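The values are calculated or read from the model by the stated rules, or taken from the named source; none is laboratory data. Treat the numbers as computed from the prediction; the structure is a model and nothing was measured. Positions of Cβ are backbone-derived with ideal geometry, glycine not excepted, and every protein chain shown enters the neighbour counts.
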Amino acid sequence: MGAPPFAGPPRRRVLTTRHGPVVVHGPATVDDLAPLRPDPGLTAFRPPAKQKEALLALAEADDGAVFLAQQDDLLVGYCTLHPPDPLTTFGAARLPFLIEMGAIEVSSAWRFEGIGRALLETAFDNEALEDYIVISCEYWWHWDLDGLEMEIWTYRNMLEDVMGRVGLVPHSTDDPEISSHPANMLTARFGRRVSEEQIAAFERVCHSERPWLA
């Protein structure tokens, strides 16, 4: 099964960390992912085994792309790209040029090694994304503030800096979930071949003009 058009060709880089080399690559296939053991520290969204199941399903889908960070057979981080969930504000609009960076996570034992940044750079090192608007919805309740011993706004500023390195910058919206807490954040990256009409359609979704939800 081939990768979706926005996923682009396979990319790979090797990152030097204090724990040894980490390979960052993708879009990953099911065969790439199946042999890997998820690190116990991958718990931001669901238990590690369940998270691997979700990644396998996305890697197998026609419309999802998964990028992995691994050391030998140990999965220590991942990043995903896919169309927005149709049950959300952005997915309900069914804009074919809209892609979501659905999740990025690095195991708690492997943080501060540049793995998250390498995952983002690998996922976004892709000419095909110039035809898309890519968004990311960031919710504070997914952030490991206790484990990082970090205040909420310090974490948000760090996240904004990392996202900005691949062109994902804060974008205004009145989406109810994002608006439910001031630290939540919508970021967006506009590909250079995205048209003014596509941008206008996206802005309508961001700002209450959503008749399909009425």
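Cβ-Cβ contacts under 7 Å between residues 6 or more apart (or on different chains), taken from a first residue in the range 172-198 that is among the hydroxyl-bearing types (Ser, Thr, Tyr) to a second residue that is assigned to a strand (DSSP E or B) and surrounded by 11 or more Cβ atoms within 10 Å (Cβ to Cβ), are listed as Thr173/Leu186; Thr187/Ile135; Thr187/Ser136; Thr187/Glu138; Thr187/Val169; Thr187/Pro170. Considering only the range 114-121, I want to know if a residue exists there that is within 26 Å of Arg192 (Cα to Cα), among the charged types (D, E, K, R) and loosely packed, with under 15 Cβ neighbours inside 10 Å. No, the conditions are met nowhere in the range 114-121. Within the range 1-13, residues that are closer than 10 Å to Phe67 by Cβ reach partners that are in a helix (DSSP H, G or I) and at pLDDT 90 or above with beta carbons closer than 6 Å, at six or more positions or on different chains, in the pairs Arg11/Thr122. When Glu130, Glu121 are screened for being of a type in the set (D, E, K, R), more than 16 Å from the chain's Cα centre (by Cα) and assigned to a helix (DSSP H, G or I), only Glu130 passes. Among the residues that make up the range 43-51, is at least one of them among the small types (Gly, Ala, Ser), within 18 Å of the chain's Cα centre (by Cα), under 16 Å from Gly116 (Cα atoms) and part of a loop (DSSP other than H, G, I, E, B)? Looking through the range 43-51, at least one residue is among the small types (Gly, Ala, Ser), within 18 Å of the chain's Cα centre (by Cα), under 16 Å from Gly116 (Cα atoms) and part of a loop (DSSP other than H, G, I, E, B). Pairs linking a residue in the range 19-46 that is within 15 Å of Ala61 (Cβ to Cβ) and among the β-branched types (Val, Ile, Thr) to a residue that is modelled with pLDDT under 95 and assigned to a loop (DSSP other than H, G, I, E, B), with Cβ atoms under 6 Å and 6 or more positions apart or on different chains, do not occur.
Each residue in the range 73-113 was checked for being of a type outside the set (A, V, I, L, M) and more than 23 Å from Glu197 (Cα to Cα), and 13 of them qualify. Report whether or not Ser179 is farther than 29 Å from Ala49 by Cα, modelled with pLDDT under 95 and polar (S, T, N, Q). Yes, satisfied. Checked against the criterion of being in contact with a Ser or Thr (Cβ under 8 Å, 6 or more places away or on another chain) and among the polar types (S, T, N, Q), the candidates Thr43, Thr16 yield just one match: Thr43.
Okay, residues lined up against (1) surrounded by fewer than 23 Cβ atoms within 10 Å (Cβ to Cβ); (2) under 28 Å from Phe97 (Cβ atoms); (3) at pLDDT 95 or above:
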| position | (1), (2), (3) |
| --- | --- |
| Glu53 | yes, no, yes |
| Leu56 | yes, yes, yes |
| Ala61 | yes, yes, no |
| Ala65 | no, yes, yes |
| Leu68 | no, yes, yes |
| Tyr78 | no, yes, yes |
| His82 | yes, yes, yes |
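Residues that are among the acidic types (Asp, Glu) and either farther than 18 Å from Ile104 by Cβ or in a loop (DSSP other than H, G, I, E, B) (or both) within the range 1-39 comprise Asp31, Asp39, listed in sequence order.
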